[in-house]
Amino acid sequence: MSDVTIAASASAFKQLFNALIDNFTFSKSDSASYGPFSASYSVALHLEDGTLSLHDDGTIEIQDVDIVWDTLKASACFDLPGFCVGGWCIVPDPWNGCLVGIPKICIGGPICIPVDLSGLVSEITDVKASLLAKYYVDPARPANVTDLAAEFAGHPNKWQVYIDPVWVHVDPINVPDTLENIIENIIKNAIYNMLGPLPDWMKDILWAAIQAIGILDIIKGVLGIVGSIADWFENLFNSVFDLVGLVETAVADYFANKYPIYEFEDPYPILPASGGLIPVKIPIRNLAATINSHEMIVTADVGA
Amino acid sequence: MSTPFTQNCDLYGAVHENGVNKIITHIMRQRPSLFNYGTADVAKNVEGWCSKVVVTQDVRNYNNPIFTVENYLPIFGADSPPVGLSFCAQLSSAKIDFHPSNVIKLPAELTPPLQPQRFAMSFRICGSIGCPPEQEVDGIQPTQPAGQASDVGLKSPPPVNLPGRLNCFCLDVYAIGHFERATILGKESLLGKLDDMDIVDIKPDALEQNIICYLKTAVNVILREKLTIPYEKFFFSFSLFHLATVSLSATPNPPIPNNPAVEDDQLKVFLTMKVGP
């Protein structure tokens, strides 16, 4: 029999799990060139809710955890091939020339489509994990010192119990179809800016002409878009940026290495330092953590 | 499948007597001044100690005292000058045995077998009063009696401390006790309490009873003042203790008849969790 046994009921373990979920945050930004276009992204997220079940085979299953994307922004930039529109006379001068005309405008060059989907919620569908007890030696611990000196230096050894994922499944980000209209408006605004200081009514006429040329098809061609622009951005988030993979890796790393659900110093202080007396600390050995459908059980021995 | 530890509670903690006995040894080696008492001359004289003291290297590295230095034992009636004798008192070993008893063989005076929910303890106390040489006693120069001196605002004469040779004895002490819950310094804690005690081979009985009274009181006071176990420590700072939304308290009876419980050679604690907003 072990010297020490500690057990936490399923509902108590749920509280530890809630703290685990509440403390998770992830943020990242990056940019890269992908041939005909370059893209950048900036994301930040936290987790909410989720259900937890404990199993007699020693595993934990976590399901339906919301990924709340506090920031989910991307931008795709490319060179719009040059073309000219306008140069028409819409009110001819009966005697000679043109009374009111649309100037010929040539546009092209760099254009960026920024997308902001902040507030979107996606989901971690399933995490299967077991418990893992680890012994942590602080890499900053001074060499050749006693455990007590290491503690006084702020670098004690620790026992830690982690949730060690076997797998983490994250649902792909689902870009709403409404993004198609938003992106059209973004492109329209970008083209309007390219048209320079013309009256709005004139820009409206030119935009109609540009649409007639098939500007969206031109852009799709440049970016290699086969389906809808919304689908293309969805692919950009999920596959090109691999946000799904990044989140899966971050969650797995957080559970397995960053946030122990149970942690204490070794040797463990049982009487505090007092009046110049050193603390009394007991060495803990053979820490093990298991789970069944009722509870988490941690056992350990007191070292000699 | 066996009954879950947390069938009637949210957090369960148990420590086996083997673990507690190792912990006792660690405390004795790391906080020796809690177990060794004597006058300054005794504390300095390692060779004269009644019992060898084993300490960790950290105790030496940080210059922690091995003895708690106490005042010299006063000789009653001597006040001009006051005279004190050196002494040494050491607890040299201690062991605990949780019900059912299988580590300590209790003496008949403690009516074995050990009753349910009780623990047994055995410990060895060694001590001595320093017996001063006669020439030291003869060398004491009487002064103005202290009472008269203080009446006129004069200082009492300085005490004369007489170091002496220790002639050590050891007592084997057995005790039985139980654990209680107590709030100590604002923290829910476990408190060990001795209920009865016996000292082997002391006569007359009244002398034994007087020594037992002193020792039992001393142990209970030290347990209360120095060796209570806050629940958080008992559970090795289990993470639930640090969650602001969770409060933990001892699970009542029913459903837990004994909390803390001393059974199966273990000390067990059962806590119930309340989750706040």
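With everything on Cα atoms, drop me the angle between helix B:205-226 and the longest principal axis of chain B, reported from 0 to 90° to the nearest 10.
60
Please give the Cα centre distance for the stretch B:200-277 versus the stretch B:69-116, rounded to the nearest Å.
Going from one Cα centre to the other spans 21 Å.
Using the Kirkwood formula on the Cα atoms of chain B, what hydrodynamic radius do you get, in angstrom to one decimal?
Details: mean 1/r = 0.0457 Å⁻¹.
Computed over Cα pairs of chain B, the Kirkwood hydrodynamic radius comes out at 21.9 Å.
Please compute the modelled spin-label separation between residue A:213 and residue B:232, points set 7 Å along Cα→Cβ, answer in nm with one decimal.
7.1
Would you list which aspartates and glutamates come within 16 Å of residue A:104, measuring only between C-alpha atoms, while excluding same-chain residues fewer than 8 positions from it?
A:200, A:204
Just checking the protein assembly as shown: which Cys have no other cysteine's beta-carbon under 4.7 Å?
For the protein assembly as shown, the answer is B:9, B:88, B:131, B:213, because their Cβ atoms have no other cysteine Cβ under 4.7 Å.
Compare the peptides A:107-115, B:260-268 by average per-residue count of other Cβ atoms within 10 angstrom and give them in order, highest first.
Averaged packing, sorted descending, gives the order B:260-268, A:107-115.
From the cross-link list B:22/B:274; B:22/B:233; A:28/A:158; A:281/B:52; A:281/B:44; A:158/B:52, which pairs have alpha carbons spaced over 24 Å apart?
Among B:22/B:274; B:22/B:233; A:28/A:158; A:281/B:52; A:281/B:44; A:158/B:52, the Cα-Cα distance tops 24 Å for B:22/B:274; A:28/A:158; A:281/B:44; A:158/B:52.
Name the residues whose placed amide hydrogens come within less than 5 Å of the amide hydrogen of residue B:114, ignoring near sequence neighbours (fewer than 5 apart) on the same chain.
Close amide H contacts, sequence-distant or interchain: B:101.
Taking 28 Å as the cut-off for C-alpha to C-alpha distance, list the pairs among B:187/B:216; B:226/B:268; B:105/B:187 that go past it.
Listed pairs above 28 Å: B:105/B:187.
Per residue of the stretch A:255-263, in order, report the coupling 6.51 cos²θ - 1.76 cosθ + 1.60 (Karplus, θ = phi - 60°) as ³J(HN,Hα) in whole Hz, putting x for Gly and Pro.
Those phi angles translate into 5, 8, 9, 9, 10, x, 7, 8, 8 Hz.
Enter the mean projected area of the convex hull around the alpha-carbon atoms of the stretch B:144-277, in nm², rounded to one decimal.
16.6
When you look at the Cβ of every residue in A:263-270, what mean number of other chain Cβ atoms sits within 10 Å?
That works out to 4 on average.
³J(HN,Hα) across the stretch A:229-243 via Karplus (A = 6.51, B = -1.76, C = 1.60, θ = phi - 60°), whole Hz, x for Gly/Pro?
Once θ is set to phi - 60°, the couplings for the stretch A:229-243 become 5, 4, 4, 5, 5, 4, 5, 4, 5, 7, 10, 6, 6, 6, 5 Hz.
Can you give me the long-range amide H partners of residue B:39? Hydrogens built in the peptide plane at 1.01 Å from N, cutoff under 5 Å, separation of 5 or more residues or another chain.
Result for residue B:39 returns B:70, B:87.
Using a Förster radius of 30 Å, what is the FRET efficiency between residue A:30 and residue A:61 based on their Cβ-Cβ separation? Nearest 0.05, please.
It comes to 0.40.
If you find the alpha carbon centre of the stretch A:25-69 and of the stretch A:173-189, how far apart are they in angstrom?
Between the Cα centre of the stretch A:25-69 and that of the stretch A:173-189, the gap is 23 Å.
In whole Hz and in residue order, list the ³J(HN,Hα) couplings for the stretch A:10-19 that follow from phi through the Karplus curve 6.51 cos²θ - 1.76 cosθ + 1.60, θ = phi - 60°; x for Gly and Pro.
4, 5, 5, 4, 4, 5, 5, 5, 4, 5
So what's the back-of-envelope 222 nm ellipticity for chain B, counting only DSSP H runs of four-plus at -39500 (n - 2.57) apiece and dividing by all residues, rounded to 500? Please report the intermediate quantities before stating the final value.
Details: 7 runs with 61 residues, N = 277.
Taken over chain B, the calculation gives -6000 deg cm²/dmol.
For a quick check: with amide H placed at 1.01 Å from N, whose amide H comes under 5 Å from residue A:123's, ignoring anything fewer than 5 positions away on the same chain?
Correct list: A:67, A:171.
Between residue A:184 and residue A:290, how high is the FRET efficiency from 1/(1 + (r/R0)^6) when r is the Cβ-Cβ distance and R₀ = 56 Å? Nearest 0.05.
Efficiency for this residue pair is about 0.50.
What's the Cα-based Rg to Rh of the stretch B:39-104, Rh via Kirkwood?
1.15
Hey, in the GNM for chain B with a 10 angstrom Cα cutoff, which one of B:81, B:112, B:142 fluctuates hardest?
B:142
Of B:92, B:111, B:59, which is farthest towards the positive pole of the stretch B:33-171's charge dipole, taken about the Cα centre with +1 and -1 on the beta-carbons of Lys, Arg and Asp, Glu respectively?
B:111
Can you give the average number of partner chain beta-carbon atoms within 10 Å of each beta-carbon in peptide A:281-291, as a whole number? Kindly include the intermediate steps, with their values, before the conclusion.
Numbers: counts 5, 8, 2, 2, 0, 0, 1, 0, 0, 0, 0.
If you average over the peptide's residues, the count of other-chain Cβ atoms is 2.
Return the single residue from B:199, B:24, B:75 with maximal mean-square fluctuation; model: Gaussian network over chain B, springs between Cα atoms under 10 Å.
Of B:199, B:24, B:75, the most mobile in the Gaussian network model is B:75.
Assuming 1.306 mPa s and 10 °C, estimate D for the protein assembly as shown with Stokes-Einstein, Rh taken as the Kirkwood radius over Cα pairs, in µm²/s.
D = 51 µm²/s.
By how many degrees, 0 to 90 and rounded to 10, does the Cα axis of helix A:200-213 deviate from the longest principal axis of chain A?
Helix A:200-213 sits roughly 80 degrees off the main axis of chain A.
Give the lysines whose C-alpha is closer than 16 Å to that of residue A:220, dropping any in the same chain fewer than 8 places away, or say none.
A:188
For a quick check of your reading of the filter: which chymotrypsin sites (Phe, Trp or Tyr not before Pro) in the stretch A:1-108 sit in a DSSP loop and have no more than 16 other Cβ atoms within 10 Å? All intermediate terms of the calculation are to be shown ahead of the outcome.
On the way: sites: A:13, A:17, A:24, A:26, A:34, A:37, A:41, A:69, A:78, A:83, A:88, A:95; in loops: A:24, A:95.
Qualifying residues, ordered by number: A:95.
Run the helix sum for chain A: -39,500 (n - 2.57) per DSSP H stretch of 4+ residues, divided by residue count, reported at 222 nm to the nearest 500 deg cm²/dmol.
Value at 222 nm, helices only: -7500 deg cm²/dmol.
Cut-off 10 angstrom, C-alpha nodes, Gaussian network model of chain B. Which of B:115, B:144, B:209 fluctuates the most?
Among B:115, B:144, B:209, the largest mean-square fluctuation in the Gaussian network model of chain B belongs to B:144.
Take the Cβ-Cβ distance between residue A:40 and residue A:193 as r, set R0 to 22 Å, and report the resulting FRET efficiency rounded to the nearest 0.05.
Computed FRET efficiency for residue A:40 and residue A:193 comes out at 0.65.
How shielded is A:13-23 by partner chains, expressed as the average number of their Cβ atoms within 10 Å of its Cβ atoms?
3
Every number here is computed from the coordinates shown, using simple stated rules; none is lab data. Note that the structure is a prediction, hence the values are computed from the model and not measured. As a convention, Cβ positions derive from the backbone with ideal geometry for all residues, glycine included, and neighbour counts pool all protein chains shown.
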